[in-house]
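First comes the structure, then the notes that go with it.
The values are calculated or read from the model by the stated rules, or taken from the named source; none is laboratory data. Note that the coordinates shown come from a computational prediction; the quantities given were computed from them, not determined experimentally. Methodologically, a virtual Cβ is constructed for each residue, glycine included, from the backbone with ideal geometry; neighbour enumeration extends over all protein chains shown. What goes into the accessible areas is simple: the full protein's heavy atoms, side chains included, and nothing from ligands, DNA or RNA. Shrake-Rupley method; radii C 1.70, N 1.55, O 1.52, S 1.80 Å.
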Amino acid sequence: MLDVTAADEIAADARVRANVVRLAAAQALTGANSAVIFATGSIVGATLAPDVSFATVPISMYVLGLAAGTLPTGAISRRFGRRVAFVVGTGVGALTGLLGCFAILHASFPFFCLATFLGGLYGAVAQSYRFAAADGASAAYRPKAVSWVMAGGVFAGVLGPQLVQWTMDVWQPYLFAFSFLVQAAVALVAMGIVAGVDMPRPAPADLHGGRPLLEIVTQPRFIAAALCGVISYPIMNLVMTSAPLAMKLCGLSVSDSNFGIQWHIVAMYGPSFFTGALIARFGARRIVAVGLLLEAGGVGIGLSGITAVHFWATLIVLGIGWNFSFIGASALVLETHRPQERNKVQAFNDFLVFGMMAIGSFSSGQLLASYGWSAVNMVVFPPVVLGLAVLSLASWARRRKARLDEAMGEFPDAI
């Protein structure tokens, strides 16, 4: 029986590895969508918006789309399978590029915001790639599967900003218009890749199986995992959203901004080649804690100066911290649910993360315009302290429960 189980796990991991390759490639191409929006959104917004304080609204609309798309992505995946959700998402990604190009050509701020909102819907589907990679994998391979798919973002970090750099001046005087048209073509390529993912539709029994969502999300383990995700991603997004415009306000060039965003994205995803192994060795909670501390260190650099090098260092360290904290938090989420519960739990987790991101993102432009770059960095520290405190409490509670379980095992009469 044990040999049969081991053979089944090996066969399942082989199928998962094939999916990981496709999903990592899709992650690289889909990441170009977010890279284009983050590299251009606040600059185009400052050009088209009626007031500079609205400059980051397009990026905020992207984050709102992320939040709005998480639950529908889970529902489509649960009803029709993940592959259908992936194909629909890439179709929305192509529409994002076409509408973004149209908005720039016609100087329409509302249409540009709509385009970035659709980009957020596409991004919400892409966020589920990391969880999809773990479907059917053995417990030992799950963190590595999540990590390797996230590693595809390294190529997004190169592809996206370079795509902007190569295409931003093609249709003068419409800066970035051609960039969005090329992004639409990239999304169509991604559609062809995700269409081949081997993920059959859910069995009918899985559509209604599992515990109620409220019972799952009130577990201390889920609360700790979700809170760390809610902290790690939004604070990274707050700083990244503001950085291109802050660099422009400090007299730095668009090329400086593109360079910073490019290496930020590389730093976000580059550690993924070994983050899964680190989680397997040291535990997800320790890796999350290290990530939060690195995010705090990144904004500390941002407070120390406003040269291009300071901005670049801030974005790079922030990206590495995000990688550790977010992948670690995702691994913790995988420990909280059963297979038939995965779509609704994972979608709810992402809804919390990106809902909080939307709130923070909408305030980033006003925060930057009213109080400056230093204020953007300062607001990061309280959430980091909260996250570290919750992790410590969760670890203490887990150790205490383990000791009690051991004691009751040795002294059953004490129960």
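Some points to look at:
- Cross-chain or 6+ apart pairs with Cβ under 9 Å, the stretch 175-189 first and without any contact (Cβ under 8 Å) to a residue 40 or more places away in the chain and part of a helix (DSSP H, G or I), then buried (at least 21 other Cβ atoms within 10 Å of the Cβ) and polar (S, T, N, Q): none
- Being small (G, A, S) and free of Cβ contacts under 8 Å to residues at least 12 places away in the same chain holds for only one residue in G152, G192, G160, G120, and it is G192.
- If the condition is being closer than 19 Å to F38 by Cβ and within 15 Å of the chain's Cα centre (by Cα), then the stretch 296-324 contributes L318, G319, I320, G321, W322, N323.
- Across the stretch 363-385, the qualifying residues are those that are open to solvent by 90 Å² or more (accessible area, probe 1.4 Å) and among the hydrophobic types (A, V, I, L, M, F, W, C), and the one among them that is farthest from P58 (Cα to Cα) is V385.
- Checking A267, A289, A284, A277 one by one, the residue that is over 24 Å from A394 (Cβ atoms) and either of a type in the set (G, A, S) or in contact with a Cys (Cβ under 8 Å, 6 or more places away or on another chain) (or both) is A267 and no other.
- Residues that are among the aromatic types (F, W, Y) and crowded, with 16+ Cβ neighbours inside 10 Å within the stretch 260-307 comprise W263, Y269, listed in sequence order.
- The listed residue being under 15 Å from the mean Cα position of the chain (by Cα) and among the small types (G, A, S), out of A49, A85, A26, A75: A26
- Condition met for T70 (in contact with a Pro (Cβ under 8 Å, 6 or more places away or on another chain) and of a type in the set (V, I, T)): no
- Looking only at the stretch 121-138, residues that are more than 15 Å from the chain's Cα centre (by Cα) and either open to solvent by 30 Å² or more (accessible area, probe 1.4 Å) or on the phi > 0 side of the Ramachandran plot (or both) come to 1 in all.
- Residue check for V87: modelled with pLDDT of 85 or more, under 24 Å from D350 (Cβ atoms) and in a helix (DSSP H, G or I): yes
- Filter pass, V154 being under 27 Å from F259 (Cα atoms) and either open to solvent by less than 20 Å² (accessible area, probe 1.4 Å) or touching a Pro at 6+ places or on another chain (Cβ under 6 Å) (or both): no
- Hits in the stretch 212-250 - residues which are part of a loop (DSSP other than H, G, I, E, B) and touching a Phe, Trp or Tyr at 6+ places or on another chain (Cβ under 9 Å): C250
- Number of residues in the stretch 286-324 that are of a type in the set (D, E, K, R) and closer than 19 Å to P234 by Cα: the value is 1.
Quick grid of which residues meet (1) of a type outside the set (S, T, Y); (2) over 27 Å from A280 (Cα atoms); (3) surrounded by 22 or more Cβ atoms within 10 Å (Cβ to Cβ):
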| site | (1), (2), (3) |
| --- | --- |
| S53 | no, yes, no |
| T96 | no, yes, yes |
| G119 | yes, yes, yes |
| W166 | yes, yes, no |
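- Here L29, L66 are screened, and the one residue that is open to solvent by 30 Å² or more (accessible area, probe 1.4 Å), under 26 Å from N258 (Cβ atoms), in contact with a Gly (Cβ under 9 Å, 6 or more places away or on another chain) and assigned to a helix (DSSP H, G or I) is L29.
- So L71, is it modelled with pLDDT of 90 or more, of a type outside the set (G, A, S) and open to solvent by 10 Å² or more (accessible area, probe 1.4 Å): no
- Leading residue by the ranking (most open to solvent (accessible area, probe 1.4 Å)) among those in the stretch 308-356 that are part of a helix (DSSP H, G or I) and either free of Cβ contacts under 8 Å to residues at least 24 places away in the same chain or hydroxyl-bearing (S, T, Y) (or both): V309
- Within the stretch 124-143, one or more residues are in a helix (DSSP H, G or I), of a type in the set (G, A, S) and under 21 Å from G41 (Cα atoms).
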